[in-house]
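This is the structure I want to talk about, given as structure tokens.
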Amino acid sequence: MKKGNFFERVYQIVRKIPEGKVMTYGQIAKIMGTKDARNVGWALHALRHAQGEPIVPCHRVVNKDGRLAPGYAFGGPNEQKMRLKAEGVEFINEDNVDLERSLWRV
DNA sequence: AAGTTGACGACGA
DNA sequence: CTCGTCGCCAACT
């Protein structure tokens with residue numbers, strides 16, 4: 001049994017998010033069959049200093065507010081917004097993604 | 001080894 | 001709005 005199963009699962013799911021779509025931590029956690037949304041964020045956090053895995057579009061992962069944690073984003077909340085917009089994700093306002101349109105539904 | 005923290009979510013008060 | 005609590009897992013101290 002592998003131990004990093006949890007993280008790998010998170011990466012696997014996040015990697016398959018198509019452009020112009022986003023997923024929430026809770027959504028990912030639920031897909032994995034757990035309620036551990038905060039560890040999903042932790043898995044992404046780990047990517048910051050260890051991109052050992054293939055490219056993981058962590059900017060497509062948002063919290064329930066439709067945005068990343070203020071200040072903990074890969075390069076700043078502004079970076080996230082700019083990046084998602086560049087992929088075609090619609091924003092409801094300067095800080096919130098239009099989850100109704102851009103939430104990746106399986 | 002044991003306790004605390006963390007890119008979260010949801011509900012209650 | 002803030003505060004507290006539970007859920008669940010890995011990393012950090």
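Multiply the residue separation of A:LEU103 and A:PHE91 by 0.36 nm, subtract the distance between their alpha-carbon atoms, and state the gained length in nm to one decimal.
Going from the current span to full extension adds 3.2 nm.
Points 7 angstrom from Cα along the Cβ direction at A:PHE74 and A:ALA50: gap in nanometres?
It works out to 1.9 nm between the two label points.
Here's another thing I want to ask about it. Amide H to amide H under 5 Å from A:VAL97: which residues, 5+ apart in sequence or cross-chain, H placed 1.01 Å off N in plane?
The list, which skips near neighbours in sequence, is A:ARG67, A:ILE92.
Helix-derived [θ] at 222 nm for chain A: sum -39500 (n - 2.57) over DSSP H runs of at least 4, divide by residue count, nearest 500?
-12500 deg cm²/dmol
Semi-axes, largest first, in whole Å: what does sqrt of 5 times each Cα gyration tensor eigenvalue give for segment A:31-89?
So the three semi-axes of segment A:31-89 are 19, 15, 12 Å.
Most fluctuating residue of A:MET32, A:MET23, A:MET82 in a GNM of chain A with Cα springs under 10 Å: which is it?
A:MET82
Could you bin all the Cα-Cα distances of segment A:3-102 into 5 Å bins starting at 0 and give me the percent of pairs in each, rounded to whole numbers?
So the P(r) values, bin by bin, are 2, 14, 27, 26, 20, 9, 2, 0.
With springs connecting C-alpha atoms under 10 Å apart, model chain A as a Gaussian network and identify which of A:GLU19, A:GLU90, A:GLU53 has the largest mean-square fluctuation.
A:GLU53
Each value in this text was obtained by applying a stated rule to the coordinates, not by laboratory testing. None of these values were measured; they are calculated from a predicted model. Reconstructed Cβ throughout: ideal geometry from the backbone, glycine too, with neighbour counts over all protein chains shown.
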